[in-house]
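The values are calculated or read from the model by the stated rules, or taken from the named source; none is laboratory data. Treat the numbers as computed from the prediction; the structure is a model and nothing was measured. Here the Cβ positions follow ideal geometry from the backbone for every residue, glycine too, while neighbour counts run over all protein chains shown.
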Amino acid sequence: MEKRIAVALSGGVDSSVAALMLIKSRLNHPAFPQKNLVGIHMSNWNASDENPRYCKESEQDANDAQKVADYLNMKFHRVSFQAEYWTQVFEPFLSGLDEGLMLNPDIGCNTHIKFGKMREYCFKKLGVNAVATGHYARLWNRSIGDDGSYNTIPTHVETMFNTYPQNSWLLDWRKENKSYPLLLAAADLTKDQSYFLSGVPGESLSDVIFPLGDLRKNSSEITSCSLNPDSTTKTVRQLALEAGLPNASKRESMGICFIGKRNFSDFIKDYLPQEAKEGNFVDIDSGEIVGTHKGTAYYTIGQGAKISGASRKWFTAKKDINSATIFVCDDTHHPSLYSNELYIKSNTFNWLAGTIPIPMKHGHELHALCRIRHLQPLIPCVVRQVDSLICVKFEKPVRAITLGQIACLYADGGLVCLGSGQIFKHGPTYDELGQSLPLVLHPAGSNDSSVVNRISNFYRDND
């Protein structure tokens, strides 16, 4: 029986090449003729109420998606999920800010909109059998792979599982619910988006295709996570240029999905549920007031706190929402920014296989890897059930564990994404414990060189 696939076209290069890859792979596959590929572009934010510039950019993305669909001879649908995005993603994000939480709207968008409302629309309204997107990630789902989908991971992946004997339970975990695929990291670890996909229920990833999973965006270097030695060494950008796609040279868009390149504080002040309460910046060491601010919602734990007239750089260490006090420290590696553990409510954790990992089910600890930010280097950790909470204890101190952020767990050296949950609380900071930080710290992000500089400075000062 012929299969129909809906390809989400954002107007960017990634989703366009995803459509291109599907067409190339299905030219000789009777179950997937090109005529049964349909492009879909969704609008989730009403930019017309704002600066005309952003309305123009939004319309340009839609036009670019239409041009790509026309160029690839695909039918094209344009839909709007603005109401759903507002109630399911944006309003919770705003409420979180008001409560001192920092939720991730990009994860919310994937969970509720792209693989929620859009997926539902494609299956019910367009009558498709699968949905494809331009995400950099992979899915291991043989039930789909048997009928020609992109989600076929070579059988030698099982050998890779055996590289980590402590994770031999993964194959049995996968078999517990065969309708749920396993989410795997992308071959290009510099673009891997499994963190953003970790909140999507495993069931919603069934009949989903990620054509870019084995490709690299800008470098043809094959990483240690490349599972398919026969995959093309051409980059996504090269494929777009060679195919002559209308948007092949379009620059990559960055930033929170609905904010883009805009200043966060300037944008968010018009949408907060209540007027921001002004307060004081307080030195967490001395207790002295070192400045004033216009609202705690504008500041995130670990980020720089811009204090007018300050002679040194300050960082947000802690927030007291009731008194509108922001406690700050004057060192990016201050003990008040570091903790060894975090907690997630068990009933809110999204295990991608649909069930708790087998070791934890039997009352054992789970040795895994964790990240609390996109592309942050993975942190070795031990995961255990503590009453109604999941406790994640780190091997090294972790900087700026922020309530509301997503903690994502991995196994098999970072290959398999187990799932994620919203951080409910963290353990005491090193400052609260009265302990000094060890010299060697874990990077806070993918480009964090401060931990290396810290060691260099130590030896320089003690030479």
In the set Ser253, Ser265, which member is in contact with a Gly (Cβ under 8 Å, 6 or more places away or on another chain), among the small types (Gly, Ala, Ser), modelled with pLDDT under 90 and not assigned by TED's automatic domain parsing to the domain that holds Leu197?
Ser253
Please list, ordered by first then second residue, the pairs with beta carbon atoms under 6 Å, 6 or more apart or interchain, first in the range 24-42 and assigned by TED's automatic domain parsing to the domain that holds Asp14 and closer than 20 Å to Ala8 by Cβ, second at pLDDT below 85 and of a type in the set (Phe, Trp, Tyr).
Arg26/Phe32
Regarding Glu99, is this residue at pLDDT 80 or above, surrounded by fewer than 17 Cβ atoms within 10 Å (Cβ to Cβ) and assigned by TED's automatic domain parsing to the domain that holds Asp14?
yes
